[in-house]
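Following: one structure in structure tokens, then a few remarks.
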């Protein structure tokens, strides 16, 4: 790899154990070979059923939804849909009984045939999954990112953005520590301090969206439908929704790095913990550069 890393496919983490200085790892290769190694840090980015979390016994804050939901990343053909819009079809069908049952493509196609747009045909499933829990997790030493650290309702579609932001936040801090730049404890301690509140807020927001979308009371459904029609005609609300879903308004207010700056009650761009300002550079010839 150009950056000096090596990606090994088909290598499974089977166990790990922490001590004061390092993490001992046991890996199983595709050919069955067992490798024992160690690492200064481990980043558990291994999904909702994280082996890293299980091996370390890291506790989850768990709020369990009473129903299970079927998810899929598929191609839809045969229906006239706007590729730049979010399409929702409300229905009263029973939810999935057990999130541990392996979902099937036929099951998802059946649901779309019953409740989706006429003549919609699904194809090319990239992945299928289920959801029944929303939770946030953390540990004192090993870093967690993505679904290993936080699982939430798919309502709002923020899981991918949240995981990418986890990786970006942690990646540059580990790089600085490896290069001997900056104050190591402050850099490493700041990851959870900054990202955990974000995960908690997104979990709560996604739960509210899910409960509104699945409302059972007739009056609640009327209010939901009216709100959706209003959203469809108000550009300002649409812009706000795009900002929330892209998570470009995230502000970090806690942690050792933020404490080095000053974040007011209403932080503006350029303050510590906020998005950087757009700046333009002028080179020595006087030519402006982006």
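Here, each number is a calculation from the coordinates, and none is a lab measurement. Source: prediction; values computed, not measured. Reconstructed Cβ throughout: ideal geometry from the backbone, glycine too, with neighbour counts over all protein chains shown.
What is the gain in length, in nm to one decimal, between residue 81 and residue 208 on full extension, counting 0.36 nm per residue of separation less the C-alpha to C-alpha distance?
Stretched out fully, the residue 81 to residue 208 stretch lengthens by 43.1 nm.
Place a label point 7 angstrom from the Cα of residue 174 along the Cα-to-Cβ direction, then list the residues of the range 17-33 whose backbone nitrogen is under 15 Å away.
Under cut-off, by backbone N: 22-25.
Which order do the peptides 190-196, 21-27 come out in when sorted by mean C-beta neighbours inside 10 angstrom, highest first?
Highest mean packing first, the order is 190-196, 21-27.
Roughly how many nanometres apart are two label points built 7 Å out from the Cα toward the Cβ at residue 219 and residue 33?
Each label point lies 7 Å from its Cα, and together they span 6.8 nm.
What does the extension gain come out to for residue 260 and residue 127, with contour length at 0.36 nm per residue minus their alpha carbon separation?
This chain segment gains 43.6 nm when fully extended.
Calculate, in nm to one decimal, what residue 102 and residue 282 gain on full extension: separation in residues at 0.36 nm each, minus their alpha carbon distance.
59.1 nm
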